[in-house]
Structures are given as structure tokens and as C-alpha cells.
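Take a look at the structure set out below.
Bear in mind that the values in this text are calculations on the coordinates, not laboratory data. Keep in mind that what you see is a predicted model, and the values were worked out from it rather than measured. So basically every Cβ, Gly included, is an ideal-geometry build from the backbone, and we count neighbours across all protein chains shown.
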Amino acid sequence: MRENGINKLKVKADKVTLRKDSLSKFTLLANKRDIRTSVVNKLLKVLESEEHFETPLVSNRVSGKDRLLDGNHRYLAMEKYFERHPQRKVEVWLFNYNNLTAEEEKKEYTKWNLGTKQSANDFIKQYWDDFEIVNSFKNFPIKVLPTWSAPGAIEFKMLMQGYMGNTSKGTMDFIESCKELGLSDAKVMKSFLMDYQAVFGVPDRRNMHYKKPVFTSLFNIWLNNHQTFNPSAIQKAFTKLRGHERVVYYSSMGATKEVCNLAKKDILHVLNSGRSKNLFMEVLPSSS
């Protein structure tokens, strides 16, 4: 700690020789970014051509284990390489921190991973344990996961965007907004998912009613009207949308903000068609 009270994190740089058995010194983070198989295979080709990596591995040493902050793809490439050539070795530079706190580790992880653009889901996985609302997911009618990693599960980002609206917030602003959500928000989300599933089935990637322009529109319309109508009335009205040509059309479109706004207007029109007055209303954002 400096005299002025500003924490200065120190990193030690060493050139290390790794073998098959020494990979066990590293621990991969549970909230690491998604692995790109194509990247691992390219790095494996680098090793097969008897070249070494130019960029360092970065770790945080805690209780004798090196938690890998940067280098997951290189680690997996070496793992494959040693499976093929168990007697060979690889020299790498290792930048090593000691006993970073959880928050310091996240900041260093983000800094060292700037070279490859992180997706929103990479950040979601990184901050998963910081979201209070995650504790309420166990009571949901469907699993909520950081990514679309399994059938029969809904993606966290899609659920949050449906609930909070398709805003133009940056990724970290989105993360901070998600941190503020709690039990009361989870109860509302759970009610929507129950109504949704009763009409459209499981909201996973195989369901065309789960495509972003359609799903976020349905969620927005439901939020604006669920206190006016009981669940059976909403479910009955939503059955008009099952397989509707407008739903089919928007399920094949990109997920831009403009497309999502158009989808919502069209879906509202379908819900209100044939009625003497609009029963399902759109609440416009305040101009203030």
C-alpha cells in the first residue's frame, strides 16, 4: 500500500517451463469467458509447429494454486498438445499476482482480456455470483443460465432485457443494473414465465416465440398489462400469437432495437385486432 492510500497491485513475471503434470498447478475460473474451439485449435497448431506463445499467462496465486485470469485458450491448447506428446514441454511467460481479492481479480481479468472483445455473456459469467436475483432462480419454472448452454434453459441476458427493456446501456451499466434486482423483481419474472410457458412452451433456443424481438415484446406487453388482466385472460389472448405469421416473420429477423420496437407494435396490433377498443396497451416511456 502506498503512503497516499492507493493500492498498487504488484505482478511478478517469470519464464516457466510447463509439462503435462505441471498444468495441474493452474485452476480455471468457474466464471471464465466462453471457450472458442476454433481458437484452441489454432493455438494447438502453433505448438505443433514448435513455436511458443508470445503473450503471457496471467494468474492469481491463492493457497498455492494459480487461478488463471488470462490464458484459458492457451491452457486448453497445451492440454491437447501434451495428450499427443506427453514427453514434450512448453516455455511460457507467467505474470503472477498474489492473493488478489475477488473484486481485484475481476478487474485484472477484465484488463488482461481486453485484447479479445468480451461478450455480454462473458461479463455475466464473471459477475454471476454478484447478482442477488440469482438466488431466486431455483424457484423458477425453468432454469436460468448465464448462456444458452443447454436445451430447456433460458438465457440470463434475454430474461433481463425482456424485464428491463431493450435499452442502449453499455455492458457494464447493464451489469450494474442487474446487480440492483432482487426478490420482488424475481417474483414478477417468475409470473411472466409461468404465463409464457402455459401458452408457448419452454422458452429455449428451439422455440421461435423465444427469439429476441418476439420474447422481449411479449414480456413488455405482459408487464404493461398483467395488473389489469388475470392470468387466464392474458393466456387466452396470447394464444392468438402462437405460430402467427407476424411471429414467424420477426423470429427470423435480427435483434436490433428498431426491429424489437416494430415487433412490439405489430404484436400489439394482432392482440387488439377485432376488438372495439384496445385492451392491451403500450406504456410509452416518459419524455421527462
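Quick rundown of the values:
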{"read-out": "Ranked His52, His73, criterion: other C-beta atoms within 10 Å, fewest first", "value": "His52, His73"}
{"read-out": "For Lys107, Lys190, order by how many other beta-carbon atoms lie within 10 Å, fewest first", "value": "Lys107, Lys190"}
{"read-out": "Span from the the stretch 40-84 Cα centroid across to the the stretch 189-242 one, whole angstrom", "value": "45"}
{"read-out": "Over the stretch 12-115 - Rg/Rh using Cα atoms and the Kirkwood inverse-distance radius", "value": "0.95"}
{"read-out": "Label-reachable residues, the stretch 35-65, where backbone N falls under 18 Å from a point 7 Å from His85's Cα toward its Cβ", "value": "40-55"}
{"read-out": "FRET efficiency, Lys179 to Ser22 (Cβ-Cβ, R0 45 Å, nearest 0.05)", "value": "0.75"}
{"read-out": "Zone residues, the stretch 182-197, relative to Ala30, backbone N less than 11 Å from point 7 Å out along Cα-to-Cβ", "value": "none"}
{"read-out": "Kirkwood-Stokes translational diffusion coefficient of the stretch 122-272, alpha-carbon pairs, 37 °C, 0.692 mPa s, µm²/s", "value": "209"}
{"read-out": "Amide proton proximity set for Lys143, modelled H, under 5 Å, gap of 5+", "value": "Ile154"}
{"read-out": "Calculated diffusion of the chain, Stokes-Einstein form, Kirkwood radius summed over Cα pairs, 10 °C and 1.306 mPa s, µm²/s", "value": "72"}
